Amino acid sequence: MAGELSADDLQRFSRHLILPQVGVDGQAKLRSARIAVIGAGGLGSPVILYLAAAGIGHLTIIDDDVVDISNLQRQVLHDSAWVGRAKTESAKARIEALDPQISVQIHSTRIEASNAMEILEGHDLVIDGTDNFPTRYLVNDACEILGIPWVYGSIHRFEGQVSVFNHNGGPNYRDIFPRPPPPGMAPSCAEAGVLGVLPGVIGCIQANEAIKVILEIGEILSGILLLYDALEMRFRGLKASHDPNRKKVSELLDIEGYCQAAEVEEQSSAGEDSMINEIEPVVAQQRMDDDWKPYVLDVRSVGEAAIASLHMVDDLIPHVEILSHLDSIPKDRDILLYCHHGRRSLMAGMVLINSGWDRSNLFNLNGGIDRWSTQVDASIPRY
């Protein structure tokens with residue numbers, strides 16, 4: 001078997017070769033493995049770096065984003081020189097600098113129902129490093145159809161989760177979370193924040209599970225949802241099992257549309273009167289120039305407000321605290337609600353409607369303060 005490894009490999013991976021669970025045969029397995037990593041961001045960074053260092057023979061990287069300076073706090077795969085350039089290109093350059101023998105294929109596009117099967121087919125393992133539910137369900141369904149195990153990871157503020165799905169008849173993501181939530185129910189890292197080292201911890205665990213799956217060693221996190229709390233420095237595992245009543249996925253759905261449909265269904269069940277007015281930042285500014293004086297309510301966190309705020313804000317009430325501060329919100333004037341991108345403010349507006357506010361007086365700033373910065377006032381910092 002040593003003949004399957006080059007002289008450089010024998011030296012490069014010598015610390016692997018002396019492990020009885022790896023050895024020459026195991027390293028040859030790693031060299032012949034094909035792994036797809038979806039997302040070259042916070043989770044994808046440590047995953048890609050450690051899989052490349054471990055000698056995975058082929059890596060496929062899928063990401064449609066470009067490097068932003070705000071990424072560098074946690075996305076250690078990239079550096080300042082790559083700001084404004086494709087994350088996939090940055091990842092490819094880093095992998096090739098680390099180990100030129102690795103075959104790297106990149107897709108600078110979003111993985112969707114129309115391309116997922118073609119991109120993922122032929123891989124031994126898929127690792128999800130994305131931060132949104134539509135892609136997560138799409139990856140799960142594609143892997144179930146193709147019969148490929150995949151390693152799940154997620155992060156939120158100070159907490160993370162890891163599991164291995166679709167492995168040797170074990171449960172998959174839909175066994176634990178049958179349906180996606182409506183859009184906006186789970187804030188992104190940009191909205192909720194994330195401790196910079198957290199994706200490093202979770203991503204390393206994902207890479208570790210991937211190596212174990214390829215080598216067929218140890219106890220795989222299949223049937224176990226591993227939870228990590230960085231503040232308490234505590235791990236705990238929740239048992240998960242296959243749902244015998246769940247119908248096996250046989251075709252990919254438009255998951256983005258499904259999530260939107262779930263939102264529409266939720267709103268429709270409350271009645272048409274529960275809908276809130278949407279207003280673009282440019283239109284809001286024009287109306288205020290014409291003497292429109294709405295009560296401006298910021299529903300972000302205190303920490304976000306410290307970074308950037310609209311100058312005409314009347315009050316700051318985090319959206320999760322709206323119900324506790326209803327007495328301080330006027331009912332006799334228009335209210336303009338805003339957050340980072342417009343999702344939390346939409347939820348806050350729905351709470352006000354359900355609490356007796358007239359929907360005709362409620363306006364959600366579409367795109368939030370981020371779009372206000374790009375369309376109205378560039379002096380407001382983006383984050």
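Toward the positive end of the charge dipole of the chain, with +1 on the Cβ of Lys and Arg and -1 on the Cβ of Asp and Glu, the farthest Cα among 153, 235, 23 is that of 23.
Seen against the Cα atoms of the chain and their longest principal axis, helix 87-98 is set at about 30 degrees. With contacts taken as Cα pairs under 8 Å at a separation of at least 6 residues, the chain carries a relative contact order of 13 percent. For the chain, the longest principal axis of the C-alpha atoms and the axis of helix 133-146 are separated by about 30°.
For helix 255-269, what angle does its Cα long axis make with the longest principal axis of the chain, in degrees from 0 to 90 and rounded to 10? For helix 255-269, the angle is close to 30 degrees. Here the chain is assigned +1 on the Cβ of each Lys and Arg and -1 on the Cβ of each Asp and Glu. Its dipole about the Cα centre then comes out at about 1120 debye. Across the range 1-50, Cα-Cα pairs more than 16 Å apart make up 48 percent of the total.
Starting from the Cα of residue 29, draw a straight line to each of the lysines and keep only those under 21 Å, dropping any in the same chain fewer than 8 residues away. Counting by Cα, and skipping residues close in sequence, residue 29 has these lysines nearby: 212.
Here the residues 60, 374, ranked from fewest to most Cβ neighbours within 10 Å of their Cβ, fall in the order 374, 60. Where both bridge residues fall in the chain, DSSP classifies roughly 35% of the beta bridges as antiparallel. So if the hydrodynamic radius of the range 33-263 is defined as the Kirkwood radius over C-alpha pairs, what does Stokes-Einstein give as its diffusion coefficient at 37 °C and 0.692 mPa s, in µm² per second? Translational D for this selection: 186 µm²/s. When the Cα positions of 217, 303, 285 are compared along the charge dipole of the chain, 217 comes out farthest toward the positive end, with charges on each C-beta of Lys, Arg, Asp and Glu.
DSSP loop trypsin sites (Lys or Arg not before Pro) in the range 325-378 with at most 15 other Cβ atoms within 10 Å of their Cβ, which ones?
Counting only loop positions with at most 15 other Cβ atoms within 10 Å, the trypsin sites (Lys or Arg not before Pro) in the range 325-378 are 331, 333.
Comparing 339, 164, 13 along the charge dipole axis of the chain, the residue lying farthest to the positive side is 13, per the Cβ-charge model. Projection of the Cα convex hull of the range 270-375, averaged over all directions and equal to a quarter of that hull's surface, yields 6.3 nm². The trypsin sites (Lys or Arg not before Pro) found in the range 1-90 that occupy coil by DSSP, while having at most 16 further C-beta atoms within 10 Å, are 85. Of all lysines in the structure, those lying under 27 Å Cα to Cα from residue 331, and not within fewer than 8 positions of it along the same chain, are 293. Which of the aspartates and glutamates could a cross-linker span from residue 92 if the Cα-Cα distance has to be under 13 Å and same-chain partners fewer than 8 positions apart are dropped? The reachable aspartates and glutamates, counting only those whose Cα sits under 13 Å from residue 92, are 63.
Per the Kirkwood formula applied to alpha carbons, the range 1-152 shows a radius of gyration over Rh ratio, Rg over Rh, of 0.99.
Each value in this text was obtained by applying a stated rule to the coordinates, not by laboratory testing. Remember, predicted model here, so these are calculated numbers, not experimental data. Counting neighbours? That spans all protein chains shown, and the Cβs are built from the backbone with ideal geometry, glycine included.
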